[in-house]
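Q: Take a look at the following structure, please.
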Amino acid sequence: MNAMTLVRLNHQIMGRIAPQTTANKMAKFFLTPRTPPIKSWERDLESSFHRVTFGDDLSAAIWGNGDKKVLLMHGWESRATHMHSLVGPLLESGFQVVAIDAPMHGYSKGNEANLVAFSEAILAAQLAFGPFDAAVGHSLGGAALAHALTLGVRINCCVLISSPACILDVLQGFSQFVGLPKNAQTRFVKNIEQETGVPVEALEMGQILAHKKMKTLLIHAKDDQEISVTALKKICKAWPQAQAHITDDLGHRKIIRDDNIAERVQQFVQRHYLPN
């Protein structure tokens with residue numbers, strides 16, 4: 001019996017004996033990001049952009065000084081520098097690129113990290129550096145970008161890479177993975193809703209994009225083991241006018257380091273950043 005099997009068994013037992021306590025424990029774990037060590041290439045990259053502080057002790061990396069502006073939003077347990085492969089083609093097209101560190105990620109401070117906190121950081125970036133012509137989000141950053149549209153963020157087009165279709169799917173997938181029984185699962189979801197202040201029903205990305213009639217490019221990999229490519233299909237079902245690109249073998253994280261993906265992002269943004 002491996003370690004993960006033992007963890008699931010423990011959660012199944014404790015989730016029946018003390019469902020609320022177990023749900024509280026898992027919610028805290030789910031909402032506490034780990035901090036991957038800063039790599040040497042990231043330190044070297046710092047010389048290529050301006051690092052600035054904005055909002056409530058948030059950090060941003062800014063490349064270029066063009067009049068056209070693109071915002072980059074990383075995913076969970078990531079940071080602005082992890083989006084750097086997307087920067088070059090955008091700079092060559094005359095865009096200024098602003099990549100932000102979400103709360104409790106990278107160089108940003110903060111007391112909480114969740115989809116709503118990510119979205120509020122995007123709104124703070126618009127106030128500090130915007131308006132933005134376009135935005136690109138990866139994973140949770142893509143979902144946060146969609147939600148940020150409901151908070152007042154204004155862009156002309158967006159690209160969501162490896163984004164979940166709805167947060168309820170993410171929460172249910174996590175709770176099932178760690179072995180929570182049904183009662184504890186329900187309490188776990190309620191805990192997350194209380195923490196964010198937003199019901200999960202309001203966090204359907206396709207519905208938001210459709211309501212805003214947002215010019216959208218969706219990119220996903222067939223072999224994504226963290227967020228299934230079915231998420232892209234679900235968003236497309238809700239917003240059929242979104243463009244979709246599915247790759248074969250770039251997984252969940254390698255996809256934002258791929259030169260072909262960076263070129264595809266640049267082409268879409270260049271073509272759609274102007275208002276209709």
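FYI, it's all coordinate maths here, none of it is from the lab. Computed from a prediction, not measured in an experiment: that's the story for all the values here. Every residue, glycine among them, receives a Cβ derived from its backbone with ideal geometry; neighbour counts consider all protein chains shown.
Q: Suppose we look only past 12 Å in the calculated P(r) of segment 130-184. What percent of the Cα-Cα pairs does that tail hold?
A: Roughly 68 percent, rounded to a whole number.
Q: With springs only between Cα atoms under 10 Å, which of ILE17, ILE192, ILE256 fluctuates most in a Gaussian network model of the chain?
A: Highest fluctuation among the options: ILE17.
Q: Under a point spin-label approximation (7 Å from Cα along Cα-to-Cβ), what is the ASP248-SER48 distance to one decimal in nm?
A: Distance between the two pseudo-spin positions: 2.8 nm.
Q: A further question follows. What is the diffusion coefficient of segment 221-276 in µm²/s, taking the Kirkwood radius over Cα pairs and the Stokes-Einstein relation at 25 °C with a viscosity of 0.890 mPa s?
A: 196
Q: What's the percent breakdown of Cα-Cα distances in the chain across 5 Å bins, shortest bin first?
A: Calculated P(r), rounded to whole percents: 1, 6, 13, 17, 19, 17, 12, 8, 4, 2, 1, 0.
Q: Turning to a different aspect of this structure: Gaussian network model of the chain, Cα springs within a sub-10 Å range: biggest mean-square fluctuation belongs to which of GLY75, GLY197, GLY251?
A: GLY197
Q: Which one, PRO199, PRO37, PRO131, has the greatest fluctuation when you compute a Gaussian network model over the chain with C-alpha springs under 10 angstrom?
A: Highest fluctuation of the listed residues: PRO37.
Q: Also, quick follow-up: Could you tell me the ratio Rg/Rh of segment 117-238? Both radii from Cα atoms, Rh via Kirkwood.
A: Using only Cα positions, Rg/Rh for segment 117-238 is 0.98.
Q: Taking only DSSP H segments of four or more residues, each worth -39500 (n - 2.57), what value at 222 nm results for the chain once the sum is divided by all its residues, to the nearest 500 deg cm²/dmol?
A: The per-residue figure over the chain is -13500 deg cm²/dmol.
Q: What percent do you get for the relative contact order of segment 126-276 when only Cα pairs under 8 Å and 6+ apart count?
A: Relative contact order, segment 126-276: 26 percent.
Q: Which angle between 0 and 90 degrees, to the nearest 10, do you get for helix 259-272 versus the longest principal axis of the chain when only C-alpha atoms count?
A: 70
Q: Grab the eigenvalues of the alpha-carbon gyration tensor for segment 11-60, scale each by 5, take roots, and send me the semi-axes largest first in whole angstrom.
A: 40, 15, 4
Q: Still on this structure: If all Cα-Cα distances of segment 64-163 are sorted into 10 Å bins from 0 onward, what percent lands in each bin, rounded to whole numbers?
A: 18, 55, 26, 1
Q: Shifting gears a bit: What percent do you get for the relative contact order of segment 188-276 when only Cα pairs under 8 Å and 6+ apart count?
A: 27
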